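The block underneath contains the structure these notes are about, expressed in structure tokens.
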Amino acid sequence: MKRVLIVLSGLLLALSACGGPGETAARSPSSGLSASIGEPAQAVSPEIETAWEVTEDITLHLLQSAYPAGADRITMVLENRGDQVMLYGQGCSFERYADGDWQQLETIENYGFEDIGYLLGPGGIQTLSLSPWFLARPLEAGYYRITGHGVRVADSEEETGFGGSYIDCPPYQFVFQVTANAQPEPDFALWFSPLPSPAGAESIPLFVLNGTNEDAGVVFIPTLERLHGEIWEKVSLPEGIGFCGTADPLPAGGMAWSQELSLLWGDLGAGTYRLSYQVTGSAGAEHTASGVFTLA
């Protein structure tokens, strides 16, 4: 992954080229509803928001909409389907929804984020940890909002760098819930864009997530299933297709990948599919990394 230092003072740019739906999502939910004149306002829960549109082709996604109490792993997936370049950093803040309003959470003393910028190039998929390590107390049951700053976009790779013509974008925001029955993020999983790919697509991009802090290995021998009603049915590979079975390195955090579809299974029709790979962790334990995608 490319890295460049963020130079905040050198980027005096307009806000007009970013945002779109994101500007609406940035508004706080209503603090209450009143059934009629004279009646007290009824508190309402905020809407869950796990996607943010930076531009038409650059979107940010929270990996899950709900987390267990005390969760320390919260991952954002960044996807760039266009030709622009995005520069972003690590800084973010947490708020909790209480008494009909968003309230800033207390942090530990003397914390800070690395002043490092990351580049998301055309066609790229990356992840960024939004973990609440800097909060004074663990997350409890309730609704939370994450706000991240420092997102900038350039029209092409040639414009990037310290003197690049970047455009500032509105801060991104996600709203998620902490509940007792929520599951933590898996150590290994496959992430696909929530946008459907065309039926008969030759390949599909994905990201192999490695939520551990250690390198692992992944064997790219695909197992594909298709959803029929409520049952997953395996899509068989044609005879004569084989794989070497050698594991590829899977770095901590994960890696982008592209899975051939038509070459292995022919013209796949519209539907919901589940793809899986076998992963070996650093301690030798075997895992299955899976993810669901849609062809339309």
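Rule-based calculations on the coordinates, nothing more; no lab input. This is a predicted model, so every value here is computed, not measured. Because the Cβ atoms are built from the backbone with ideal geometry, glycine has one as well, and the counts that use them run over all protein chains shown.
What nm value, rounded to one decimal, do you get for the distance between Ser129 and Thr147 when each label is placed 7 Å out toward the C-beta?
Between Ser129 and Thr147, the simple spin-label model gives 2.4 nm.
Dipole size in debye (nearest 20) for region 188-295 around its Cα centre, Lys and Arg Cβ +1, Asp and Glu Cβ -1?
For region 188-295, the charge dipole is close to 160 debye.
Got the relative contact order for region 138-250 handy, in percent, Cα pairs under 8 Å and 6 or more residues apart?
RCO, region 138-250: 19 percent.
Enumerate by residue number the GluC sites (Glu not before Pro) in region 186-288 meeting two conditions: DSSP loop (anything except H, G, I, E, B), and at most 14 other Cβ atoms within 10 Å of the site's Cβ.
Values: sites: Glu202, Glu214, Glu225, Glu230, Glu233, Glu239, Glu260, Glu286; in loops: Glu202, Glu214, Glu230, Glu239.
Filter output for region 186-288: Glu202, Glu214, Glu230, Glu239.
If we count other beta carbons within 10 Å of each Cβ, what is the order of Tyr166, Tyr172, Tyr143, fewest first?
Going from sparsest to densest Cβ surroundings: Tyr143, Tyr166, Tyr172.
Considering only DSSP beta bridges where both residues belong to region 188-295, give the percentage that are antiparallel (nearest 5).
Of those bridges, close to 95 percent are antiparallel.
Determine the gain in length on full extension of the stretch Ser165-Ile231; use 0.36 nm per residue of separation and subtract their C-alpha separation, reporting nm with one decimal. The partial results should precede the final answer.
On the way: separation 66, 0.36 × 66 = 23.76 nm, distance 5.05 nm.
Stretched fully, the Ser165-Ile231 segment lengthens by 18.7 nm.
Pulled fully out, how much extra length does the chain show between Asp155 and Thr272, if you take 0.36 nm times their separation in residues and subtract their Cα-Cα distance?
The Asp155-Thr272 span can extend by a further 38.7 nm.
Which FRET efficiency, nearest 0.05, do Tyr111 and Glu239 yield, Cβ-Cβ r, R0 41 Å?
Details: r = 58 Å, r/R0 = 1.41.
Computed FRET efficiency for Tyr111 and Glu239: 0.10.
Between Glu140 and Thr288, what is the label-to-label distance in nm when each label sits 7 Å out along the Cα-to-Cβ direction?
3.9 nm
Which whole-number percentage describes the relative contact order of region 188-295, with Cα contacts under 8 Å and a sequence gap of 6 or more?
Averaging sequence separation for qualifying contacts and normalising by length gives 41 percent for region 188-295.
Could you calculate the contour length gain from Ile48 to Ala66, that is, 0.36 nm times the residue separation minus the distance between their Cα atoms, to one decimal place in nm?
Details: separation 18, 0.36 × 18 = 6.48 nm, distance 0.90 nm.
This chain segment gains 5.6 nm when fully extended.
I'd like the distance separating the alpha-carbon centroids of region 227-258 and region 181-214, in whole Å.
If we compute the Cα centre of each part, the gap is 12 Å.
What order do you get for Thr50, Thr288, Thr246 when you list them from fewest to most C-beta neighbours inside 10 Å? Mind dumping the intermediate values first?
Values: Thr50 16, Thr288 13, Thr246 9.
By the 10 Å Cβ count, ascending: Thr246, Thr288, Thr50.
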